[in-house]
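The values are calculated or read from the model by the stated rules, or taken from the named source; none is laboratory data. Values in this document were obtained by computation on a predicted structure and should not be read as measured data. FYI the Cβ positions are ideal-geometry reconstructions off the backbone, even for glycines, and counts take in every protein chain you see. Areas reflect the complete protein model, heavy atoms only, side chains present, ligands, DNA and RNA absent. Shrake-Rupley method; radii C 1.70, N 1.55, O 1.52, S 1.80 Å.
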Amino acid sequence: EGTEEAFTTLMSNYSIGDMFLGKVGGSLGEVSALCLLVGGVYLLIRKVISWQIPVAYIGTVAILTLIAAPAGIDNVQYMLYNVFGGGLMLGAIFMATDYATSPVTKKGQLIYGIGCGLFTVFIRYFGSYNEGVCYSIMVMNCCTALIDKYTKPVRFGVVKSDKKEAAAK
């Protein structure tokens with residue numbers, strides 16, 4: 001009941017267009033989804049980042065919030081406000097793609113992005129903290145070494161039995 005009232009208040013104060021263009025209050029750099037997307041496209045064109053983490057992150061949040069909108073709230077509107085609001089775009093495009101803390105393999109980057117999206121939605125939906133982006137990225141940063149370990153490609157010409165023998169020596 002409180003969620004529906006809060007969402008109705010948000011919708012009455014700000015339209016989806018306002019959220020997309022950045023005509024809302026917020027921290028510097030996180031309010032205009034349009035500008036963040038333009039910056040993300042620039043980084044993709046320059047090959048500074050790859051598409052896997054931002055797309056997996058934003059896509060996971062979009063799908064989960066579309067499916068799990070609270071009762072009495074339009075699913076699509078709830079999803080759009082969740083994607084355009086807060087620091088999701090900033091976190092997905094600029095923070096989660098940091099070279100030092102994100103996985104190196106493409107499959108690992110997809111897993112990392114999906115994990116960030118899951119934690120963000122869980123923190124926003126079940127936690128008392130309305131954002132969750134920074135915490136989800138920090139939690140998944142702790143998992144990066146494990147993700148890299150299990151998504152590392154096998155070297156060409158190495159047979160599993162040879163690898164086990166080499167590890168035993």
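Some points to look at:
- Pick from the range 152-169, criterion modelled with pLDDT under 80 and among the basic types (K, R), ranking: least open to solvent (accessible area, probe 1.4 Å): K163
- Positions within the range 44-57 being open to solvent by 30 Å² or more (accessible area, probe 1.4 Å) and of a type in the set (A, V, I, L, M), in sequence order: L44, I45, V48, V55
- Any hit, the range 33-56, residues being touching a residue at least 12 places away in the same chain (Cβ under 8 Å), under 18 Å from G117 (Cβ atoms), part of a helix (DSSP H, G or I) and polar (S, T, N, Q): yes
- Single match in L21, L10 (criterion: touching a helix residue (DSSP H, G or I) at 6+ places or on another chain (Cβ under 8 Å), over 30 Å from A100 (Cβ atoms) and open to solvent by 70 Å² or more (accessible area, probe 1.4 Å)): L21
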